[in-house]
Structure formats: structure tokens, C-alpha cells
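Let me begin by presenting the structure, written as C-alpha cells, before commenting on it.
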Ligand code: CTP
Ligand code: MG
């Protein structure tokens, strides 16, 4: 009887879920009706999905049936995803999505704290990050819940897992095989995009990380919103990309209207005064948030505060989500910039695959680097792609000024520091259609040719105007920030890196042009050798003289070169570096070996000519080993 009632309840939940989904689709604007949700709808639906979800650590995916069975007592589970995190061992997690947020809440509220179980002390924080203990331990730990447990043991028909090992990226060798098996460069470009972009589970996990921060301060700030932005949500992210997060205390970045009732209310909150200097206020608050994350939030570790940067951020790692997070509180333009990129990506199906291949090419030839520095960032690279697509004789993307002109009253967005982020959110209003029929591979070649010729020395790139302007200062590369036109997006890029980009785009254009020869390869030959994109990504070993070769940060410290020799003499106690990547280890070892033999030769020749030089070398060596 109980089982029947539970089943009826679940069917009711499922019905509510379906009705809600239909309602979202029906209330959407025209864009949504065409199957393309607007950015705000996309963000909202992912937030709601996170509110309906829990993450449970299990011993392996084999625990799924048991967990499903147990968790079904709280409500109807609509999707289930498995992923692993590589720690010392491989850790397994299941992300369960319920039909309703209240079901997920019920599951969370039923959970015990590990301190209660073991008598040890732990901070009793409520969150959606849980673990699944053995049934025997649960029974021993709480006889009072025996009745509930027996109800839980009723069998449910298990929903199949939507994904197994769902966050695993393709290994380079696998990807290489896949791309070799393609029929054309065109197909390679599509395959690369489809197999390396951030998947659905990756997006779910990033919104769960955001929700965790939001819930942590919800008591004091019920209107707070932690919004993912950047590559996690703009459609340009690849598997494993970091999560950029903006935390707002005031009701969320997307809240367009202020409550009328509140403006009329005669009751006013007592509050604390803000510090007169907004920036130091933000820094103080972030320091405090950093402590909160570090001390209380499960999964959050390696918290670092970078508060002196133009946009102060807190960086941390989430060990249950295997995620790097950059949390800011004062960069709302970044959020709206992500909206622009999202809209451009949605506008034409060529934009994202093209950007993906260019980002990957840049990574493979060392033009980009995950850590910030004097090299071009992925975001600047995306701006270069957008500008290229805007300036074509038959443009594929409109100028941002066209979006600004077409804005309606509901599109008005002004950040609290007065930056105007108003532009049309509905592309139908912009009435832009492209007649450009170029294929992806043609566009890729044109991109490289275009930037081989571009006058970075004198010209600045304006995405707002879709044309090049005179450069207002001496930065090596100038991309006008579309939302803050007084700022240069690529201000960090050094002259050497800009020059390297010019050399690499020329190399790339040359490689792609010579790929014409490979278009006649037989199917078997294509499977056996590198061709097309693979030749672009396999950075040519041929000696390309780079002007900044000598300015690059050293990958190997000179002292490393002596490590082995000193070890063999028993003179050094420096621990050797552990390279996780075996190819990298081999490369470093061969560099060391070559350098050692060169040094040896140098030393031998100098010993023969001057004894005094030899003495000073050994003095230097003994200093180093101390
Ligand atoms: N951003 C910006 N102006 C900049 C740098 C960044 O508006 N000068 C915004 C962009 O919306 C960008 C987001 O901040 O997408 C996050 O920046 P970043 O993490 O550097 O770039 P991503 O696009 O997220 O790319 P990646 O995958 O390398 O993290
Ligand atoms: Mg990012």
C-alpha cells in the first residue's frame, strides 16, 4: 500500500516536472520558441536544475542501484550522472537530479553529519555534497529511523545512468585517432568541437559550485546570487575549464526591475554603512568570504586571495567537483560580456567550432597559457575571432553597435559602478542575416591569412564598430573592451608575444594551404598519418626563430641541470621534480641530457686551456649544492 502511495506521489512529481518544463518553453520569447533559450533563460534554468540536484560520493558506480533505490524515497529522480575525481585513489560520485527542489531538500535534510556518527568533531554544515555509507552502519547508527530504512529498501525500477565517467576528457591519442578517421578538415573541425567542449554534466557541476556559495550566505543575504560567467556558460568552454563566478549580495545580476512595493514601504532595514572607498570595502568583504569558504564549505580547498588585482578575486579548488574557481564580487561587465559571446555563439553555428579550433591551435603552439601573463588570453583570442567574422566582406557577425542601437527598454542594464551594458538581447530585433556561405575550413584559413596581414603596430580592434581604429596608446595589441571602451582587453600582451602570434598565424596559414596536397589521401592513408588539423596542432619541430625565445620563463632551472650529476656524487639533497605527464618528463630529461653534455664539452675544453676557470666552476657548483 505504502509503495503504491509512494509511486502515485512520484507520478504526481513527474507530472509537475513535465508541466514546469512545458511552461518554461511556452513562456519563453521568440528565440526560445525556436529552441534557442536566451542567455538569462539558460542561466535561470541551470540554477533551478542545481537546486533540484545533490552530489553523493559512492564507492563505485556499482552503488548506483542501491543509491537510486534509497534516494527515490525523497522524490522522483529524473536524471543521474556518474563521474570520477582523481585523488590519491579514484573517487566516485553520483549527481542525482530530482523533479523538484523540495525533493532534493528532503534528501539533504535527512542526511547525518559524520561527527554524529563517529563522535568526532566536524563543522555541521548543510550542503548538497553528501556521501553514501554502508547500510549496516546506517542501521546501527540510527535505530529510530528503522521504519524509514525498511521503506527505503522497497525496489524501484532504476533509471539508467545518463553518463558514466561523465567528466573524462578525450586523451590526446584518442582524439588524434578520431580526427584521423574524419573525411575532411571540415569534419575534423566539427568533431573537435563536439568532443572537447564542456558537456552537460560539466555545466551542472559548475552551477552546483555556484549554488553552494550562494546558499552559504543566504541567511544574511536572501537575495544573493552567485552567477557563473566566462567559458563555463558562454558556450566557448572546453572540458575542465575553470569556473568564473561573480557573487552579488543584491538580488542577482539578472534582476531587471526593483520591487515597486519596496519603494513604497515605510519600513526600512537597519544596515551597516559601507566604507567610503568601494574598492577597499570589496577587498574586506572578499577576505571575509574567503575565510567563510575555507573554514566552512565542504569540498573547498586551496583558497587563495588575490585582492590587489584590478578585479580582486578569490581562487579555490573544489575537490568534490574537481574544479578551479575564480570568485569575484565586482566584475559585472564580465558577466554581460559572457552574454554577448553566448549570443554570438548562438547566432551562427560556425562561430563556436571555429573559436575552439583556434583556441586549441594557440594552446598547441604555446601562444596561450592557463596562467595569466604577458601572453594572449583565450578571451582576447575569442575577440580576435569575433572581429574577423565581423569584418568579412559578407559578415557572419554584426557589430556590437548594431545590438546597442536595437536595444529595447527591457534590455537596459547598468552596473552599480555606472557601466552601461545595454544591448538587444533578442537577435530578431537586430535583423541581421549573413549571406556568407564559407565553410569552417575556409574560414579557418582566412582567419590565419587575415591576422598575418593585420597591422597590430598601428591599429586597434573595435568589436563595437566592427572595424580597426588608430591605436590610442603603445600597447603591443589593442582590442577595445566592448563594454568599457576606455580599457584594452589585451593590455597584458607583450611586444614579443604579439610578434610570436604574427609568426604563428603565418605558419598556420602556410600549413593549412599545403594541406591541399593531403586532400587526395586514400582512406587508409588518412588513418595512418597526421593530416589536416592534426598538422596544425602538432607544433612543427622545424626551427622557427621566435623573437622572444630568450624572454620566455625558463621551463627548467639551470640548477636542475646539475641535479643528477650531484646526486651521483652524493652531494645534493634537492628532491627531483615529479612530472605527471610522461611525455613532458621525457622532454625535460632529454633537454637536461643535451645541456649536460654541452656543458661537459665546454668544461673539458676550458679545463684544457685555463685551470683557473675550472676552479671557479667547481666553486660555483659547490655553492649551488648547499
Ligand atoms: N572578461 C572581460 N574582459 C577581460 C577579461 C575577461 O570582460 N579583459 C570576461 C569575459 O566575459 C570572459 C570572462 O570575463 O569570458 C572570464 O575571463 P577568462 O576566465 O579569462 O576567460 P574565459 O572566456 O572564461 O576563458 P578560459 O576558458 O580561458 O577561462
Ligand atoms: Mg574562465
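The values are calculated or read from the model by the stated rules, or taken from the named source; none is laboratory data. All values derive from a computational prediction rather than experimental measurement. With ideal geometry, Cβ positions are generated from the backbone for all residues, glycine too; neighbour counts draw on all protein chains shown.
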*Please state which of the following conditions residue 374 fails to meet, knowing it meets all the rest: (1) in a loop (DSSP other than H, G, I, E, B); (2) near ligand 1 (Cβ under 10 Å from one of its atoms).*
(2)
_Residue pairs meeting the criteria (Cβ under 7 Å; at least 6 apart or on separate chains; first in contact (Cβ under 8 Å) with a residue 60 or more places away in the chain, in the range 217-244; second part of a loop (DSSP other than H, G, I, E, B) and within 16 Å of ligand 2 (Cβ to nearest atom))_ = 231/237; 231/241; 238/198; 239/198
*If you scan the range 377-390, which residues turn out to be away from ligand 2 (no atom under 14 Å from the Cβ) and touching a helix residue (DSSP H, G or I) at 6+ places or on another chain (Cβ under 8 Å)?*
384, 385, 386, 388, 389
*asked:* Going residue by residue through the range 102-113, is there one that turns out to be part of a helix (DSSP H, G or I), modelled with pLDDT under 95 and either crowded, with 18+ Cβ neighbours inside 10 Å or at positive phi (or both)?
replied: no
_With the requirement that a residue be more than 6 Å from ligand 1 (Cβ to nearest atom), under 8 Å from the mean Cα position of the chain (by Cα) and closer than 21 Å to residue 37 by Cα, what does the range 228-242 give you?_
232, 238
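Residues that are under 16 Å from residue 320 (Cβ atoms), surrounded by fewer than 15 Cβ atoms within 10 Å (Cβ to Cβ) and not assigned by TED's automatic domain parsing to the domain that holds residue 321: does the range 74-84 have at least one?
Of all residues in the range 74-84, those under 16 Å from residue 320 (Cβ atoms) come to 81-84.
Of the ones still in play, those that are also surrounded by fewer than 15 Cβ atoms within 10 Å (Cβ to Cβ) are none.
Scanning the range 74-84, I find no residue that is under 16 Å from residue 320 (Cβ atoms), surrounded by fewer than 15 Cβ atoms within 10 Å (Cβ to Cβ) and not assigned by TED's automatic domain parsing to the domain that holds residue 321, so the answer is no.
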_Number of the condition not met by residue 62 [criteria: (1) part of a helix (DSSP H, G or I); (2) in contact (Cβ under 8 Å) with a residue 12 or more places away in the chain]_ = (2)
_On the basis of being within 16 Å of ligand 2 (Cβ to nearest atom) and out of contact with any helix residue (DSSP H, G or I) (no Cβ under 6 Å at 6 or more places or on another chain), does residue 366 make the cut?_
no
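Of all residues in the range 428-450, which are more than 26 Å from the chain's Cα centre (by Cα) and assigned to a helix (DSSP H, G or I)?
Applying the first criterion (more than 26 Å from the chain's Cα centre (by Cα)) to the range 428-450 yields 428-439, 442, 445-446, 449-450.
Those that are more than 26 Å from the chain's Cα centre (by Cα) and assigned to a helix (DSSP H, G or I): 428, 429, 430, 442, 445, 446, 449, 450.
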*Do we have any residue at all in the range 468-486 that's in contact (Cβ under 8 Å) with a residue 24 or more places away in the chain, out of contact with any strand residue (DSSP E or B) (no Cβ under 7 Å at 6 or more places or on another chain) and part of a helix (DSSP H, G or I)?*
no
_Selection count where residues are out of contact with any helix residue (DSSP H, G or I) (no Cβ under 9 Å at 6 or more places or on another chain) and within 22 Å of residue 301 (Cβ to Cβ), scope the range 170-204_ = 1
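Name the single residue that is surrounded by the fewest Cβ atoms within 10 Å (Cβ to Cβ) among those in the range 453-467 being over 29 Å from the mean Cα position of the chain (by Cα) and outside any loop (DSSP other than H, G, I, E, B).
Per the criteria, the residue is 453.
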*Within the range 171-183, work out how many residues are surrounded by 15 or more Cβ atoms within 10 Å (Cβ to Cβ) and either in a loop (DSSP other than H, G, I, E, B) or touching a strand residue (DSSP E or B) at 6+ places or on another chain (Cβ under 8 Å) (or both).*
1
*Quickly run through the range 438-491 and pick out the residues that are within 16 Å of ligand 2 (Cβ to nearest atom) and under 19 Å from residue 392 (Cα atoms).*
none
